[in-house]
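Asks: Right, I'll just put the structure down here and ask away after.
The values are calculated or read from the model by the stated rules, or taken from the named source; none is laboratory data. Fair warning: this is a prediction, and the values are worked out from it, not measured in the lab. Virtual Cβ from ideal backbone geometry, glycine too; neighbours counted across all protein chains shown. Only protein heavy atoms, including side chains, enter the accessible area calculation; ligands, DNA and RNA are left aside. Shrake-Rupley method; radii C 1.70, N 1.55, O 1.52, S 1.80 Å.
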Amino acid sequence: MTEAADAHPHRSPVVLVVAADERSAEVTIERQTRVVSGTTPKETRNAALDLVADYAAHLGRSVLVNARDVNGAWQLIVSPTGVVRAAGGREVALMADRPRRRGRAGRIAAVAAGGVVVLAVLGGGGFAAVRYLPGALADDPAAGPEQPTVTLQARQAPPGFTEQAQWRLPMRDGTQPDVSPAGDRAALVDVDGRLRVVGPGGQTAWSADLPLPADEMSGPPRFVTVDGDQGVAVVGPDRLWVWPSGGGEPRAYELPEGAEVTFAGAGPLVMAEGRPSIPSGAELAPVTKPEGSGALLSDGGRVLTAVVRGPWVWVAPDGTREEVRPRTPEGAGDLAEVLTAGGDTLVTSWRVPGAEDRRVLALHDAADGTVRAAAEVPAQAAADDAPWTHGEAVAVYGPVVFDLATGTGAVLEGFASASAAGEVAFGELDGAQVAVTAGADPIELEGDVARPWGLLDGRAVVVAGGDLYALLPE
């Protein structure tokens, strides 16, 4: 077989067509056409090749590309690692024999970066014979191209981030991603309905067939901790599946009838008829909670239970218990209510002595009960049904915005949060979509702004046009 035939023996070649003005290109993969664009001919070509390389990485083998522009047509082979070469190995000859557009420097230069020598076309007028993707430069940003080669399509970038992305990956329509708590991995369902986990550079860490149709999943895939190992969980109508951190075969847990699976903490918590259980080993392990308490979250090995008056208790399936006594925030009296929990934080409402219309709203560390942040607010701001969102440096309960760095909070009247990532919370204020940072005036968002699902090594993970992007910070 020829090299081109080996590259893609069972699928139709990718078709890549660069527009006459070289500002956009059409990429057709398995009869689906996507349009990419760039501010320069080089950026347009690189954006198109990024899309093809994503597809090659998904397949796990090189793909054949039928490419053409106003100068002619030729064939390329794109590897899963992003290396692009001419079919048949005629890299330099291919570029030298092709006509040049007038006024363009068509020379080929050797560029050394990170110990790897690549060939790059300078000034446009053709595809590079060999190149690497932005993901290959994740550990050496200074060695990367001057401009990122992937641009956010269909939506606007959130505040603090550019429309330039280090990478883009196609997702299955109707699905959602997740970002690990450590910000080092992202999980998605790809266009073929497979579960895929990627690193900061967009490279695939592992992938697996889903045990159910993607449209039967309940919510996105979730990064979870089970038995001390961080894996990925998927919930279906009657089962919970958990893959180990390195991929492989998942463990399946049959859910009781009417069960609800929540992910407030690090691990999945299964509630059925008021009884909690958690995945442990090969089965769902029931947890006996103290009488009168409610189960709030799981850390992957235990369940945190709470009552208003008295200590909070971590309970393990084997009956082991550990009490946590919440610390009283400054200026607070008695604990009035445990409102909600999320991540490793509990949200509580405390009475203010001599002021029935006031409350101290506090955020507590679930492990030891210490106060992470607190603010005295009107009693109505501490309602028990308010939305709760949290990022790395900001958290919001109802209209109260907390600065987790300083431990303070303030009421932003009329604000209802929808999500948070890093230092920014997103939501609605008086009918307008806004972004809020602790201690700063809200920023009104104009147009369709993509809200981050989390930060992956400092890059905002957003969804637009069915693709997943990792946007670079400003």
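Asks: Residue by residue through region 444-455, which ³J(HN,Hα) values in whole Hz follow from phi under the Karplus form 6.51 cos²θ - 1.76 cosθ + 1.60 (θ = phi - 60°), with glycine and proline marked x?
Replies: Per-residue couplings from phi come out as 6, 9, 9, x, 8, 8, 6, 8, x, 8, x, 10 Hz.
Asks: Could you work out what % of the accessible surface of region 167-227 is carbon and sulfur, using a 1.4 angstrom probe and leaving DNA, RNA and ligands out of the count?
Replies: Numbers: 950 of 2330 Å².
Answer for region 167-227 is 41 percent, counting heavy atoms of protein chains only.
Asks: Percent of accessible area on region 43-83 owned by carbon and sulfur, 1.4 Å probe?
Replies: With neighbouring chains kept in place, the figure for region 43-83 is 49 percent.
Asks: Return the sequence-ordered ³J(HN,Hα) values of region 230-235 in whole Hz as given by the Karplus equation 6.51 cos²θ - 1.76 cosθ + 1.60 applied to θ = phi - 60°, using x for Gly and Pro.
Replies: Working through the residues one at a time gives 8, x, 10, 10, 10, 10 Hz.
Asks: Compute the separation of the alpha-carbon centres of region 301-371 and region 22-52 and state it in Å as a whole number.
Replies: Centre-to-centre distance over Cα atoms comes out at 53 Å.
Asks: Out of the total accessible area of region 318-447 (probe 1.4 Å, heavy atoms of protein only), what percent is carbon and sulfur?
Replies: 43 percent
Asks: I've got another one for you. Which value, in Å², gives the accessible area per residue of region 295-391 when a 1.4 Å probe is used on the protein heavy atoms? Walk me through the numbers before you get to the answer.
Replies: Details: 4260 Å² over 97 residues.
In whole numbers, region 295-391 has 44 Å² accessible per residue.
Asks: Report ³J(HN,Hα) in whole Hz for each residue of region 32-45, in order, from the Karplus equation J = 6.51 cos²θ - 1.76 cosθ + 1.60 where θ = phi - 60°; Gly and Pro get x.
Replies: 10, 9, 10, 10, 10, 9, x, 7, 9, x, 5, 5, 4, 5
Asks: Another one. If amide H atoms are built 1.01 Å from N in the plane of the peptide, which residues on other chains or at least 5 residues away come under 5 Å of the amide H of PHE161?
Replies: Result for PHE161 returns GLU474.
Asks: Which loop GluC sites (Glu not before Pro) in region 403-466, with loop taken from DSSP, have no more than 12 other Cβ atoms within 10 angstrom of their Cβ?
Replies: The qualifying sites are GLU413, GLU446.
Asks: Per residue, how much accessible area does region 398-449 show when a 1.4 Å probe rolls over the protein heavy atoms, in square angstrom?
Replies: Numbers: 2470 Å² over 52 residues.
With all protein chains present, region 398-449 gives 47 Å² per residue.
Asks: Just in region 11-45: which GluC sites (Glu not before Pro) are loop by DSSP and have at most 13 other Cβ atoms within 10 Å?
Replies: GLU30
Asks: Right, something else. Around SER280, which amide H atoms from residues at least 5 apart in sequence, or from another chain, sit under 5 Å from its own amide H, with H modelled in the peptide plane?
Replies: Under 5 Å from the amide H of SER280 lie the amide H atoms of ALA285, each far enough along the sequence or on another chain.
Asks: Also: For LEU404, list long-range residues whose amide hydrogen, built 1.01 Å from N in the peptide plane, is under 5 Å from its own amide hydrogen.
Replies: VAL394, ALA395
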